[in-house]
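Here's the structure, in structure tokens; my notes come after.
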Amino acid sequence: GDIVLLAKPVTLTEGDRVTLTTDVPVATDGTSKPEKLLYAVSLPPVHGQIEHINYPSVPISSYSQLDVVAQKVSDIHDNSHGAGKEALR
């Protein structure tokens, strides 16, 4: 089916951590199993990384909708200069 993805920018300042919720990325594909949807990080954050909360300090390149619903994914700013909006893609 058709895939619909809604994503909002995440604004972080130096050293911030934001746990992703379904308010940030949410997708549907017209099936009855949205928890099986996977997100791929095609453009990682410029000043930080995306992490699974069970593996801090380890950047990830993909995560599931189930991870987002369970609030297991965070966008971490690395304390470098240049805080700003990070777009999840």
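The values are calculated or read from the model by the stated rules, or taken from the named source; none is laboratory data. Model, not experiment: these values are computed from the prediction. In this analysis, Cβ positions are derived from the backbone assuming ideal geometry, glycine residues included, and neighbour counts consider all displayed protein chains. What goes into the accessible areas is simple: the full protein's heavy atoms, side chains included, and nothing from ligands, DNA or RNA. Shrake-Rupley method; radii C 1.70, N 1.55, O 1.52, S 1.80 Å.
When residues in the range 40-49 are screened for being within 15 Å of Thr19 (Cβ to Cβ) and at pLDDT 85 or above, 2 of them pass. Do the conditions hold for His52, that is, is it at pLDDT below 90 and not small (Gly, Ala, Ser)? No.
Report yes if Lys72 is modelled with pLDDT under 75 and open to solvent by 20 Å² or more (accessible area, probe 1.4 Å), otherwise no. For Lys72, the condition - modelled with pLDDT under 75 and open to solvent by 20 Å² or more (accessible area, probe 1.4 Å) - is not met. Could you list, ordered by first residue, the pairs with Cβ atoms under 8 Å in which the first is in the range 57-76 and free of Cβ contacts under 8 Å to residues at least 24 places away in the same chain and the second is outside any loop (DSSP other than H, G, I, E, B) and loosely packed, with under 14 Cβ neighbours inside 10 Å, at least 6 apart or interchain? Close Cβ pairs satisfying both conditions: Ser61/Ala40.
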